[in-house]
1. Evaluate the distance, in nm, between pseudo-label points positioned 7 Å from the Cα of residue 53 and of residue 29 along their respective Cα→Cβ axes.
2. Counting only pairs 8 or more places apart or on different chains, how many lysine pairs in the chain have C-alpha atoms closer than 22 Å?
3. Which helices, taking whole DSSP H runs in the chain, have alpha carbons extending 27 angstrom or more along the helix axis plus mean Kyte-Doolittle at least 0.5?
4. Hey, fewest Cβ within 10 Å first, where do 61, 51, 94 land in order?
5. Given Cα pairs under 8 Å that are at least 6 residues apart, what percent is the relative contact order of the chain?
6. Is it possible to state the helix-based mean residue ellipticity at 222 nm for the chain, with each DSSP H run of 4+ residues giving -39500 (n - 2.57), the sum divided by total residues, to the nearest 500 deg cm²/dmol? What is it?
7. Just checking my list (1) 15.7, 62; (2) 15.6, 49; (3) 15.9, 58 against Rg and Dmax of the Cα atoms in Å computed from this structure; which label fits?
8. What's the exposure ranking of 113, 1, 38, going from fewest to most Cβ atoms within 10 Å?
Amino acid sequence: MITDIEIFLRLILAAFAGSLIGFERKTVHKPAGIRTHMLVALGSALFAIVSIESFANTDPSRIAAGIVTGIGFLGAGTIFRSKNTVKGLTTAASLWAVAGIGLTAALGEYLLMAVSTILIILILKLKKIKSLREN
């Protein structure tokens, strides 16, 4: 059984990690920004904690699978295709990754959550770094 303080910590850390990634998306003017990424991370953590705490006699991995599928549908809504271009793939991928961060926070895997958050932010910055090199 997870203590109430530990639950609060896990939810707050999930939302905070989501906000860091959302901030990066906002700075490059993408449609899913800080609040969206925070809500995805927090929601994933919340569903995972409820699953772990309330359904102890069932398989908790089923909730994780449901989150991955559900966020896939949410991400699909951020993808737009026109004749020769596709936009929104990176934002969709960041939402999907943020759901994973929420799950890691819910499971108390703080190091994994922190390293993943940093890696996601670095990956999202790759395009900026590449642009700077070309100039």
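1. My value for the distance between the label points is 4.2 nm.
2. 15
3. Helix filter hits for the chain: 4-27, 34-54, 110-134.
4. Arranged by neighbour count, lowest to highest, 61, 51, 94 become 61, 51, 94.
5. 30
6. -26500 deg cm²/dmol
7. Matching the structure shown: (3).
8. Fewest-to-most ranking of 113, 1, 38: 1, 38, 113.
Taken together, the values in this text are just the output of simple stated rules run on the coordinates, not laboratory data. Remember, it's a predicted structure, so these values are computed and weren't measured experimentally. Glycine gets a Cβ as well: all are built from the backbone with ideal geometry, and neighbour counts include every protein chain shown.
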